[in-house]
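The structure appears right after this line, and notes come after that.
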Amino acid sequence: MQFYRFSVAVGGTFPVTARGSYVRYYSNSAGAAAPTVELRTDRGEVILLAPNESARANAPFSQLTVFNFDGINTISGIFQIGDGDIQQNTFSGSVAITAITQNGAHVNGKVAVTNGAGGVQLRAAAAAARYLLIQNPDTSGGNIFIRTDGAAPLADATAIKLKPGESYEPAVVPTGVIKAIADVASIDIQVTTS
């Protein structure tokens with residue numbers, strides 16, 4: 001979708017060179033209360049739009065001509081034109097916005113992750129979990145592999161791999177059991193939860 005500004009004097013026209021099949025009209029006219037514009041496509045179709053209305057042309061166009069039949073005021077505004085669908089999202093009634101405070105202490109811990117079968121549990125299931133950060137501070141080249149679904153991790157593509165110096169801080173905090181396995185004998189990693 002592209003936006004095009006226009007201004008049309010009383011009885012005048014304004015050409016808009018734009019390809020599309022949908023158009024939405026936003027008015028910034030100061031004079032007229034609801035300045036309706038007439039659009040004519042290069043295919044001969046006529047579309048009447050009041051401010052904040054949109055329409056779909058019967059056939060794609062490559063140019064529109066804007067006509068001002070207000071008779072009193074210059075009409076200016078913006079057209080949004082494109083090939084996609086334009087939807088007018090309106091509602092009635094009231095909306096209440098409630099702030100939710102998500103404060104809580106972080107719990108930091110060091111966990112020794114080994115290469116033992118089944119992995120090491122980093123965190124138990126936590127339905128109210130709000131934060132998770134797992135860091136691999138290892139400097140000797142050891143990687144860790146994390147599973148957030150409670151399954152036994154393997155040192156392969158089925159797990160989240162953290163190389164030395166990398167961290168895992170998901171935007172959506174997993175609530176299941178979190179386990180990890182190392183590809184070396186043992187790595188001390190940092191786990192922060194809330």
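Based on the Cα gyration tensor of the chain, what are the three equivalent ellipsoid semi-axes, each the root of five times an eigenvalue, rounded to whole Å and given largest first? Could the numbers behind the result be given before it?
Working: eigenvalues 785, 83, 39 Å².
The three semi-axes for the chain are 63, 20, 14 Å.
Assuming 0.36 nm per residue, please report the length gained on full extension of the stretch LYS161 to LYS110 beyond their Cα-Cα distance. Don't skip to the answer; put the middle values down first.
On the way: separation 51, 0.36 × 51 = 18.36 nm, distance 1.81 nm.
Contour length minus the Cα-Cα distance gives 16.5 nm.
Would you kindly work out the equivalent ellipsoid of region 2-82 from its C-alpha gyration tensor and give its semi-axes, the square roots of five times the eigenvalues, largest first in whole Å? Don't skip to the end; give the middle numbers.
Details: eigenvalues 77, 30, 22 Å².
Here the semi-axes work out to 20, 12, 11 Å.
List, largest first, the extents of the alpha carbons of region 107-193 along their principal axes, each in whole Å.
So the three principal-axis extents are 34, 22, 19 Å.
So for the chain, taking the charge dipole from beta-carbon charges (+1 Lys/Arg, -1 Asp/Glu), which of VAL8, THR114, ASN28 sits furthest toward the positive end?
So the residue we want is THR114.
Work out the charge dipole of the chain with +1 on the Cβ of Lys and Arg and -1 on the Cβ of Asp and Glu about the Cα centre, then indicate which of ILE81, THR17, THR175 is farthest towards its positive end.
THR175
Test of understanding: what is the full-extension gain from GLU38 to ARG5, defined as 0.36 nm times their sequence separation minus their Cα-Cα distance?
Working: separation 33, 0.36 × 33 = 11.88 nm, distance 1.53 nm.
Length gained between GLU38 and ARG5: 10.3 nm.
No value in this document is a laboratory result; all are computed from the given coordinates. Since we're looking at a predicted model, the values are computed, not measured. We place every Cβ from the backbone using ideal geometry, glycine too, and count neighbours over all the protein chains shown.
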